[in-house]
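Peer 1: Next up is a structure, given as structure tokens.
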Ligand code: SF4
Ligand code: SF4
């Protein structure tokens with residue numbers, strides 16, 4: 001009788017051990033996946049920073065055309081100032097929601113122009129209040 005009870009106890013321990021290992025494996029896999037996604041996101045941000053620097057400083061006509069599709073206004077969330085790293089000039093306001101730029105008058109062109117294209121919005125995880133339309137709207141002549 002005692003032997004049967006011991007066997008059951010051993011089987012229960014083995015089952016819970018394998019469940020725990022399976023759970024640990026799943027957690028480790030989820031962690032690896034998150035790390036890969038995070039690395040991809042940061043790579044996209046780095047690419048975006050470089051692309052905007054080039055566009056804002058050397059491709060003015062393209063920027064003008066891209067901005068013709070932009071709508072909305074800045075909510076001063078500061079998310080674009082934390083792409084890849086937090087800019088040292090970024091200042092949080094007392095309301096805890098809005099931010100200001102410590103070098104606002106002299107900020108770089110790529111800061112002034114963010115977001116230039118729809119894909120830029122992906123780098124701030126949807127926090128930006130600007131949006132883009134698909135095509136420029138033609139204004140009809142008033143009759
Ligand atoms: S310079 Fe100003 S606008 Fe540009 S990232 Fe820094 S805080 Fe933001
Ligand atoms: S992410 Fe968009 S809304 Fe937020 S501060 Fe930058 S431009 Fe303004």
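Peer 1: Considering 84, 90, which residue is surrounded by 11 or more Cβ atoms within 10 Å (Cβ to Cβ), on the phi > 0 side of the Ramachandran plot and within 16 Å of ligand 1 (Cβ to nearest atom)?
Peer 2: 84 is the lone residue from the list that is surrounded by 11 or more Cβ atoms within 10 Å (Cβ to Cβ), on the phi > 0 side of the Ramachandran plot and within 16 Å of ligand 1 (Cβ to nearest atom).
Peer 1: With respect to residue 128, determine if the residue is under 23 Å from residue 53 (Cβ atoms), within 13 Å of ligand 2 (Cβ to nearest atom), surrounded by 11 or more Cβ atoms within 10 Å (Cβ to Cβ) and without any contact (Cβ under 8 Å) to a residue 40 or more places away in the chain.
Peer 2: Details: under 23 Å from residue 53 (Cβ atoms): yes; within 13 Å of ligand 2 (Cβ to nearest atom): yes; surrounded by 11 or more Cβ atoms within 10 Å (Cβ to Cβ): yes; without any contact (Cβ under 8 Å) to a residue 40 or more places away in the chain: no.
No.
Peer 1: Could you look through the stretch 65-81, keep only residues that are closer than 18 Å to residue 125 by Cβ and assigned to a loop (DSSP other than H, G, I, E, B), and pick out the one that is farthest from ligand 2 (Cβ to nearest atom)?
Peer 2: Filtering first and then ranking leaves 72.
Peer 1: Only one of these is at pLDDT below 95 and away from ligand 2 (no atom under 15 Å from the Cβ): 10, 44, 26, 32. Name it.
Peer 2: The match here is 10.
Peer 1: Output yes when any residue across the stretch 99-106 is loosely packed, with under 10 Cβ neighbours inside 10 Å, in a loop (DSSP other than H, G, I, E, B) and free of Cβ contacts under 8 Å to residues at least 12 places away in the same chain, and no when none is.
Peer 2: Within the stretch 99-106, not a single residue is loosely packed, with under 10 Cβ neighbours inside 10 Å, in a loop (DSSP other than H, G, I, E, B) and free of Cβ contacts under 8 Å to residues at least 12 places away in the same chain.
Peer 1: Condition test on residue 84, is it more than 17 Å from residue 50 (Cβ to Cβ) and not in a helix (DSSP H, G or I)?
Peer 2: No.
Peer 1: Go through (1) surrounded by 13 or more Cβ atoms within 10 Å (Cβ to Cβ); (2) away from ligand 1 (no atom under 16 Å from the Cβ); (3) touching a residue at least 40 places away in the same chain (Cβ under 8 Å) one by one and return the number of the condition residue 59 breaks.
Peer 2: Condition (3) is where residue 59 drops out.
The values are calculated or read from the model by the stated rules, or taken from the named source; none is laboratory data. What you see is a predicted model; the values in this text were computed from it and never measured. Here the Cβ is made from the backbone with ideal geometry for all residues, glycine too, and neighbour counts use every protein chain on show.
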